[in-house]
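Novice: Structure provided below as structure tokens; questions to follow.
The values are calculated or read from the model by the stated rules, or taken from the named source; none is laboratory data. Note that the coordinates shown come from a computational prediction; the quantities given were computed from them, not determined experimentally. Cβ atoms come from the backbone with ideal geometry, glycine included; neighbour counts cover every protein chain shown.
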Amino acid sequence: MPLRNRLHQKWLAYGAYLMALAYVVVATALMAAKHNSFETRVYDFARFTQAIWNTLENGFLFETILYRSILGDHFSAIVALAAPLLRLVPDERLLFLIQALNVAVAGLLLYAMFRRLRPSLAPWFLLAFFLNPALHEVTLFEVRRIVFALPFLALALYALSQKRRWLMLVGLLLALLAKENVGFFVFMIGLYLLIFERDRKWGAGLMGLGLSWLVVISVWVIPYNNPSAGGLRPTSAWRPGERLRDVYYLTVPPDTAPGAYSLDVVVYDTHTQEVVPFQAAGEALTIAPVLVQRGSD
């Protein structure tokens, strides 16, 4: 067999795995370098890391930076699967590797699906997938919840192409645990089955599943894990005896005179701008004393 043909056969046999390995190595290295340069953020990466670690310690996906579960922002229960791995390798940069592996596995599943249709073009399809700027914008920014859904969505598409409905359902159910808006994807898969494959049973079922999941998670589950809803729950929605948590960051102006201050809370009517007095404390409720000191140069 001529050398050119042998190389072509090797490319078809091993090219996909080499590209996947290269993506994992490069993506992990780039994210680790970004983190080592202090360019990852507290609000996302630090909270995710602490919440995953705390899953085996103090509470399921609970973090103490905002002192609540990260499920109060988006429903991403599947990230808890990384907790045992983080326990074995207690280095937050492990999450970069896990994220890159999610992308690589998704790419290989899509490659397997495409290879059945166009074997000679399948490696080039995979190369385009790994070089997609839109993919880099997500995966090279920080650890993103939606990336945990990619291998399961790819599995669902692969099973769909093979007409293996139950395997498709398993992939979609696992993907739903990555983020609530995956419900839209499930709905669209159902719509495809209904219109193009005339499968009313699976089509209508997946459409109902996607919409129901999106509504239940967005309306009940996320607010339950974030009682304050980031300030989106007005006082008119509060119930007697209910405890709400919310976090506010206060900046002390640099020209503030040193001394003792008090941190007070005032409630007012948004329509009349009039102060609503507390039953026992009057117009203002003192939360805590604050001592301002001049820092050393």
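Novice: Which ones in the stretch 48-79 are hydroxyl-bearing (Ser, Thr, Tyr), within 11 Å of Asn226 (Cα to Cα) and surrounded by 16 or more Cβ atoms within 10 Å (Cβ to Cβ)?
Specialist: Taking the stretch 48-79 and keeping what is hydroxyl-bearing (Ser, Thr, Tyr), we get 49, 55, 64, 67, 69, 76.
Filter once more, so that each one left must be within 11 Å of Asn226 (Cα to Cα): 67, 69.
Once the filter is applied, which keeps residues that are hydroxyl-bearing (Ser, Thr, Tyr), within 11 Å of Asn226 (Cα to Cα) and surrounded by 16 or more Cβ atoms within 10 Å (Cβ to Cβ), the stretch 48-79 yields only Ser69.
Novice: Among (1) touching a Ser or Thr at 6+ places or on another chain (Cβ under 9 Å); (2) more than 24 Å from Tyr23 (Cα to Cα); (3) modelled with pLDDT of 95 or more, where does Arg68 come up short?
Specialist: Looking at each condition in turn, Arg68 falls short on (3).
Novice: Take the residues in the stretch 158-180 that are touching a residue at least 40 places away in the same chain (Cβ under 8 Å) and buried (at least 18 other Cβ atoms within 10 Å of the Cβ); name whichever of them is farthest from Val216 (Cα to Cα).
Specialist: Here the residue is Tyr158.
Novice: Return the residues of the stretch 50-106 that are among the β-branched types (Val, Ile, Thr), within 30 Å of Leu126 (Cβ to Cβ) and under 16 Å from the mean Cα position of the chain (by Cα); say none if nothing qualifies. Give the steps one after another, and end with the answer.
Specialist: Step one: list which residues in the stretch 50-106 are among the β-branched types (Val, Ile, Thr), which gives 52, 55, 64-65, 70, 78-79, 89, 98, 103, 105.
With within 30 Å of Leu126 (Cβ to Cβ) added as a condition, the list becomes 52, 78-79, 89, 98, 103, 105.
Ile52, Ile78, Val79, Ile98, Val103, listed by residue number.
Novice: If you go through the stretch 61-85, how many residues are assigned to a loop (DSSP other than H, G, I, E, B), touching a helix residue (DSSP H, G or I) at 6+ places or on another chain (Cβ under 8 Å) and closer than 19 Å to Arg243 by Cβ?
Specialist: Initially, the stretch 61-85 is screened for residues assigned to a loop (DSSP other than H, G, I, E, B), giving 61, 64-67, 73-76.
Next cut, touching a helix residue (DSSP H, G or I) at 6+ places or on another chain (Cβ under 8 Å) only: 61, 64-66, 73-76.
Narrowing the set further to residues that are closer than 19 Å to Arg243 by Cβ leaves 64, 66.
Number of matching residues: 2.
Novice: Give me a count of the residues in the stretch 1-12 that are surrounded by 10 or more Cβ atoms within 10 Å (Cβ to Cβ) and either among the aliphatic types (A, V, I, L, M) or at pLDDT 95 or above (or both). Step through it out loud before you land on a result.
Specialist: Just the residues of the stretch 1-12 that are surrounded by 10 or more Cβ atoms within 10 Å (Cβ to Cβ), to begin with: 6-12.
Those still in the list that are either among the aliphatic types (A, V, I, L, M) or at pLDDT 95 or above (or both) too: 7, 12.
Residues flagged as surrounded by 10 or more Cβ atoms within 10 Å (Cβ to Cβ) and either among the aliphatic types (A, V, I, L, M) or at pLDDT 95 or above (or both) within the stretch 1-12 amount to 2.
Novice: A follow-up question, please. Which members of the stretch 112-124 meet the condition of being more than 29 Å from Asp199 (Cα to Cα) and either modelled with pLDDT of 95 or more or among the aliphatic types (A, V, I, L, M) (or both)?
Specialist: Taking the stretch 112-124 as the starting set, the residues that turn out to be more than 29 Å from Asp199 (Cα to Cα) are 120-121, 123-124.
Leu121, the sole residue that qualifies.
Novice: I'm trying to understand the selection: among the residues of the stretch 99-124, which are under 15 Å from Ser161 (Cβ atoms) and part of a helix (DSSP H, G or I)? Even if it seems obvious, please write down each step before you answer.
Specialist: Taking the stretch 99-124 and keeping what is under 15 Å from Ser161 (Cβ atoms), we get 106, 108-119, 122.
Ala106, Leu108, Leu109, Leu110, Tyr111, Ala112, Met113, Phe114, Arg115, Ala122 - these are the residues of the stretch 99-124 that are under 15 Å from Ser161 (Cβ atoms) and part of a helix (DSSP H, G or I).
Novice: Ok, one more. In the stretch 21-49, which residue that is small (Gly, Ala, Ser) and within 22 Å of the chain's Cα centre (by Cα) is modelled with the lowest pLDDT? Explain how you work it out, then say what you get.
Specialist: If we filter the stretch 21-49 for residues that are small (Gly, Ala, Ser), which is where we start, we get 22, 27, 29, 32-33, 37, 46.
Adding the requirement that they be within 22 Å of the chain's Cα centre (by Cα) leaves 27, 29, 32-33, 46.
Details: Ala27: 97, Ala29: 97, Ala32: 96, Ala33: 96, Ala46: 91.
Here the answer is Ala46.
Okay, residues lined up against (1) touching a helix residue (DSSP H, G or I) at 6+ places or on another chain (Cβ under 6 Å); (2) more than 29 Å from Asp44 (Cα to Cα):
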site: Met113; (1), (2): yes, yes
site: Pro133; (1), (2): no, no
site: Leu150; (1), (2): yes, no
site: Ser161; (1), (2): yes, yes
site: Val170; (1), (2): no, no
site: Ala175; (1), (2): yes, no
site: Asp199; (1), (2): yes, yes
site: Ala204; (1), (2): no, yes
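Novice: Right, next: Which of the residues belonging to the stretch 35-45 are free of Cβ contacts under 8 Å to residues at least 24 places away in the same chain and either touching an Asp or Glu at 6+ places or on another chain (Cβ under 8 Å) or part of a helix (DSSP H, G or I) (or both)? Walk me through it before giving the result.
Specialist: First, pick out the residues of the stretch 35-45 that are free of Cβ contacts under 8 Å to residues at least 24 places away in the same chain: 36-39, 42-43.
Within the stretch 35-45, Asn36, Val42, Tyr43 qualify.
Novice: Quick test for you: out of Phe141, Phe96, pick the one residue that is out of contact with any Pro (no Cβ under 9 Å at 6 or more places or on another chain) and in a helix (DSSP H, G or I).
Specialist: Values: Phe141 fails: in a helix (DSSP H, G or I).
After applying the criteria, what remains is Phe96.
Residues checked against (1) surrounded by 22 or more Cβ atoms within 10 Å (Cβ to Cβ); (2) in contact with a helix residue (DSSP H, G or I) (Cβ under 8 Å, 6 or more places away or on another chain):
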| position | (1), (2) |
| --- | --- |
| Leu88 | no, no |
| Glu92 | no, yes |
| Ile98 | no, yes |
| Leu108 | no, yes |
| Ser120 | no, yes |
| Phe141 | no, no |
| Ala154 | yes, yes |
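Novice: Just give me the residues in the stretch 1-35 being more than 28 Å from Met113 (Cα to Cα) and either of a type in the set (D, E, K, R) or touching a Gly at 6+ places or on another chain (Cβ under 6 Å) (or both), in sequence order.
Specialist: Matches in the stretch 1-35: Lys34 only.
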